[in-house]
1. Which residue fluctuates the most in chain A, going by a Gaussian network model with Cα springs under 10 Å, if the choices are A:Arg12, A:Arg56, A:Arg27?
2. Counting other beta carbons within 10 Å of each residue's own, what order do B:His427, B:His262 fall into, fewest first?
3. Can you tally the net charge around A:Tyr82? Count Lys and Arg as +1, Asp and Glu as -1, for every other residue whose Cβ sits under 13 Å from the Cβ of A:Tyr82.
4. Can you report the principal axis dimensions of region B:1-134 using only the alpha carbons, biggest first, rounded to whole angstrom?
5. Relative contact order for chain B: what is it in percent, counting Cα pairs under 8 Å that are at least 6 residues apart?
6. Summing Lys, Arg as +1 and Asp, Glu as -1, what charge do residues with Cβ under 12 Å from the Cβ of B:Leu95 carry, B:Leu95 excluded?
7. Which of the three applies to region B:326-382, rounded, prolate or oblate, going by the alpha-carbon gyration tensor with a ≥ b ≥ c and a/c under 1.5 meaning rounded?
8. Residues of region B:734-751 with amide nitrogen under 18 Å from the 7 Å Cα-to-Cβ point of B:Gln635?
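Throughout, read-outs are computed from the coordinates displayed, never taken from laboratory work. Here the structure is a predicted model, which means the values were calculated and not measured. Note that each Cβ is placed from the backbone with ideal geometry, even for glycine, and that neighbours are counted across all protein chains shown.
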Amino acid sequence: MLLIPCPYCGERDENEFHYGGEAHIARPENAWTMIDADWADYLFMRANPKGKHYERWLHRHGCGRWFNALRDTVSHEVIATYAIGDAKPAAKR
Amino acid sequence: MSRSFRTADGGLVDRKAPLHFTFDGHRYTGFMGDTLASALLANGVHFVARSFKYHRPRGIFSAGSEEPNALIQIGDGPRALPNTRATQVELYDGLAAHSQNNWPSLKYDARGLADRFSRLLPAGFYYKTFMRPKRLWEWYESHIRRAAGMGRVPAGPDPDIYDKRRLHCDVLVVGGGPAGLAAALAAGRSGARVVLADEQARFGGSLLADTAAIGGQSAADWVDAATAELAALPEVRLLPRTTVFGYYDHNYLAIVERVANHLPEPPPHTPRERFWSVRARQVVLATGSHERPLVFAGNDRPGVMLAGAARSYLNRYGVRVGDRVALFTNNDSAYRLAVELVAAGCEVPVIADLRTEPSRHPYAGKADGLGIPVLRGHAVVNTAGRHRIASLKAMPMTEAGDGVTGAARDFNCDALLMSGGWNPALHLFSQAQGTLRFDPAAGTFLPGTAGQAVRCAGTCNGAATLFECLAEGEAAGRAATAASGIAPAAAVPVPAVDGDTPGPVRLLPMIPAADPEIPPNKHFVDFQNDVTAADIGLAAREGYISVEHSKRYTTAGMGTDQGKTSNVNALTLLAAERDAPVPEVGTTTFRPPYTPVTFGALAGRDIGPLFAAVRRTPMQGWHEAQGAAFEDVGQWQRPFYYPRDDETKDDAVAREVLAVRQSVGILDASTLGKIDIKGPDATALLDWVYTNDWDKLGEGRCRYGLMCGEDGMVFDDGVTARFGPEHYVMHTTSGNAERVLGWLEEWLQTEWPHMRVRCTSVTDQYATAAIAGPNARRLLAGLCRDIDLDSAVFPHMAVRTGMVAGLPARVLRVSYTGELSYEVNVPADYGMALWQALLTAGETFGIAAFGTEAMHVLRAEKGFILVGQDTDGTATPADMGMEWAVSKRKDFLGKRSLSRADMMMPDRKHYVGLLTEDPSIVLPDGAHAVETVKPKPPMAAIGHVTSSYFSPTLGRSIALAMIRGGRSRIGETIHFPLEDGRVVAATIATPAFYDPKGERMHG
């Protein structure tokens, strides 16, 4: 049960949130000129790193807002959370 | 006939409060403060169980939660608790205990024959047996199932209540022994919010069996004073009888408090157990250590126990574990115990000490003084006795300790206590992602790097003396307090302790056997799962040399005791087998729970009506009063059909369907998702999320929309109505409302934050009555003065607002049934009033309420899709025959995927209708069609039935299906081989069986 600091509400239990996968994947502007394989990458392929991961969370049973997080997928430490549209915090501590 | 093995006085039991209990029907007496184990031992009962695999007689082995053998069924009836460790059962008056895993009795167990065949049942035997012939597997399985497992499931539902609570604290201290009490005092005196949990009914841990003095007080008095001081501190919560069973992320721990298990039944309004979930700023683990057994032949006989346990029974419970009590040790702690046993009236026939050097422990001298024979450099190589140890055989060891030599000597005894050293209890530390480091001198693992905000103190941290435990506990408590942000109180000097200082230990992976030619298949390592040293050797020789493989193949450490008395011995043996140092072998992961937890505690109050949330509409009371049958649609309860008199389901559905087709029916449509969408960019949002075009939809008009994921697959549909230039209300399927709103919000918040549009769920804010049938307009006209219902003015797929039955209403003219139909929406509190008004006005038309089953039949007759039934997330709009709904002009979510090569393949499954050759046969849902029928599987499948009904309107069966290349096969006959052996033939048809031009709903 992670303890996640919602940028709007503060620290809350993981079961108030919904995990939204890898962050900073913008919908491609050139969807109609991409080949099918690249479109499939956008739809399905994700980095899945062992270590620092930029990802999205939704405070579903709270304020209802999406935000980004930097979490270590091994230790589960939530290093930072930040608003959608804000710059990525550095991965190095 | 039972004798009493109770000492004349002493111990912490209340000798003025006798308790009566039974074990396997025999009656015994104990005292308040006894466990079931101590009370049985006080009556001379050691043999209480049969082992899991070999059904060997087993006795009480330990005095705590590490007990591997004495698994007992407590109580009868629905309150019974199987597989309970007798060492953790607090005795109460009238307790009825039963042995497990034997038939017909503990003493004469038929399955004890398994022991004779033990050579055929080594580790992993089930991977090599019961394979052939394959057709006999189910017969084998029924027998294996009966032979396996322990205990009996309680008869009947659990009558007790269980609670769940949350707890936040600054410092959680796990373990109330000397280190834990010292830590809790240091933190509590600082004013921190402290929780102290211990699995026993009283605090004190190892001090409860110790005769040491702390600061001049007896250990017991020191514990009482510490407990009283903690109880008086307002920010300290004491949780005895509480096991911290799981350590999860970010200092979240799971705890179960056994509130009433020590009573015959819980008092009124009291839970039997309480589950606490705790978020602690800092954790101090003072979880103690477990004594290590010695691995020698015959070490599992009843009467062979851990030495520390015997000491606990003597000093804490006032129980002698036998008359002639032998000891086998590799360290100093046996000597003090031997002296204490003699003082209590036992005879100690021998102490076998693996070490050749004489012990310098002060009590070794006293043992000599009492004339206790000590055999140095000797090993116990075997034991004898059927249901209780009767004698042991000891032999001198070789210099290297790898064999025995010389003459054997036999000693009569009725108990043999083994002391092999101590293993820190590091389960929770490891669960919290702490690493373990091996200490070769102690031959065991100590805490390495912590994974979370946690500190270890006491013997679990490798402390060797009582003084170190108290000092470490105090230091850890202060450090944890400071780390949680509170200034710790001034340090208190650790009191002087009169206790033991341990000497050297002699570690051997295994005690040599008398005959090295015989495999060590009676050298037990894991007592609960019947794993011997021979099994570990066998597994290694078969190639299972990794610790993960060895564990799983031999099942060592996989019992309910989680290897508390076996893991380190098993690893040490594996390392020896591989001729590698123990750290190279490594450890397996410790997983919660530390000790078994009841399902009741995990379920808490979320059972019965509280198991799952149920959503009801404002008209629910009427449906129930009519005796409607209900079905679950997501969390909603929707009326399925309304049986009248003796109607079967089919009768009721047929009547409801015909009522709609012939006159008028009424359906509670309140459950459909409703999303209010407002803003300058509302139309743009709809254009993005739906496949069809929205910019030309006028105010007061409705449009059916199809929604796809970015992968191009249909995931929802529904009608959206336009109320104003920047105002729409979107409808979704009942089960998808939250998902669709989530979809809109995700895109708006993460991809299009510049769009000016707001979405609000109004599903619960409006109740909806849908009236459908040729008389629908006449019915509505009678209740509605201010809306012109003329078809020219209020056409199909339009919306009007006005007053219906005196209630403010939004009326949508939309049809899922294919008949003339209106959906009347009113604010939810008026739902029942609207419903009643329509029913009353509808009497002249013979109005009938219809449920979801009739609705499904009606829409299927029209070929309208039901998302989530006819689609399964792999169907595109084209697959469903709905290319007409796909815009060619604009981009939308999912459109790019529709142009993937795979989406154009002609053999994709298409949505089609099916008409069985025999019109009375209704194909089962999910029936698979095959290209060619063969006598038996495998046969290549070409599609399946998604919806299937008997159509009262057409007087024959209809079905909808997804069939490969279906649309190019209209008119062909395909075959469905069913499970019962019949093969049903059906012709592929277009899905619209009834009124294909849609004339009736446009009327």
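1. A:Arg27
2. B:His262, B:His427
3. Summing Lys/Arg as +1 and Asp/Glu as -1 gives +2.
4. The Cα atoms of region B:1-134 stretch 63, 32, 28 Å along the principal axes, largest first.
5. 9 percent
6. With Lys, Arg at +1 and Asp, Glu at -1, the neighbours total -3.
7. oblate
8. Residues B:734-743 fall inside that zone.
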